Amino acid sequence: NKISKIEPRSFGSDLNVLHLSCNQLSKFSEKWFQHPEHLKEIDISGNQLTSIEENLFKKFKNLDMIILSHNKISEIGNGAFSNRINFRTLHFEHNKIPELSEKIFDNSIIKVLDLKISYN
């Protein structure tokens with residue numbers, strides 16, 4: 001697809017899994033969701049994202065799989081993933097990330113079962 005823009009509240013209240021891979025999105029926003037706390041899996045790989053904002057995933061209380069691979073991410077804001085203690089999957093491979101700081105988890109003790117950060 002060539003999706004480059006998503007309007008606020010486009011995704012309904014019962015959405016658990018969302019795959020937006022291989023589009024032209026330059027930004028990810030929690031405002032797209034009526035109830036972000038219901039989402040469990042998100043795949044936004046293969047887009048044009050350049051950064052992950054501070055506290056971006058804070059409202060996604062049940063999110064345990066985030067795939068951000070094959071973007072242009074060079075910056076991850078503090079607390080971007082501070083909403084959870086346990087993640088099943090975090091994929092960051094094929095981006096432009098110069099470093100991963102503990103501050104992206106807001107200094108929490110985090111458990112990640114599947115972490116991919118190659119090709120950065």
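The values are calculated or read from the model by the stated rules, or taken from the named source; none is laboratory data. All figures in this text were calculated on a predicted structure; none of them were measured in a lab. Neighbour counts are summed over all protein chains in view; Cβ atoms, including those assigned to glycine, are modelled from backbone coordinates with ideal geometry. Note: areas computed on protein heavy atoms with side chains; ligands, DNA, RNA excluded. Shrake-Rupley method; radii C 1.70, N 1.55, O 1.52, S 1.80 Å.
Listed by chain and number, the lysines whose alpha-carbon sits under 21 Å from that of K31, ignoring those within fewer than 8 places in the same chain, are K2, K5, K40, K58, K59, K61. With both labels modelled 7 Å from their Cα along Cα-to-Cβ, the S29 to K96 distance reads 2.3 nm.
The local environment of E7, defined by Cβ-Cβ distances under 14 Å, has a net charge of +3 under the rule Lys, Arg +1 and Asp, Glu -1. Under 13 Å of direct C-alpha separation, and excluding same-chain neighbours fewer than eight residues apart, K96 reaches these aspartates and glutamates: E75. With R₀ set to 41 Å, the beta-carbon distance separating S21 from N78 gives a calculated FRET efficiency near 0.95. Shown for the chain: the carbon plus sulfur share of the solvent-accessible area, taken with all protein chains present and a 1.4 angstrom probe, equals 45%. Solvent exposure of the chain amounts to 57 Å² per residue of accessible area, where only protein heavy atoms count and the probe is 1.4 Å.
Summing Lys and Arg as +1 and Asp and Glu as -1 over all other residues whose Cβ lies under 14 Å from the Cβ of H91 gives a net charge of -3. Modelled label positions at K111 and E54, each set 7 Å beyond Cα in the direction of Cβ, lie 3.0 nm from each other.
If we count every other residue with Cβ under 12 angstrom of N16's Cβ, Lys/Arg +1 and Asp/Glu -1, where does the sum land?
Cβ neighbours under 12 Å give a net charge of -3.
Which FRET efficiency, nearest 0.05, do D14 and K103 yield, Cβ-Cβ r, R0 41 Å? Can you show the working numbers first?
Working: r = 33 Å, r/R0 = 0.81.
With R0 = 41 Å, the Cβ-Cβ based efficiency is 0.75.
Averaged over residues, the count of other Cβ atoms within 10 Å places the peptides 2-8, 17-23 in the sequence 17-23, 2-8, highest first.
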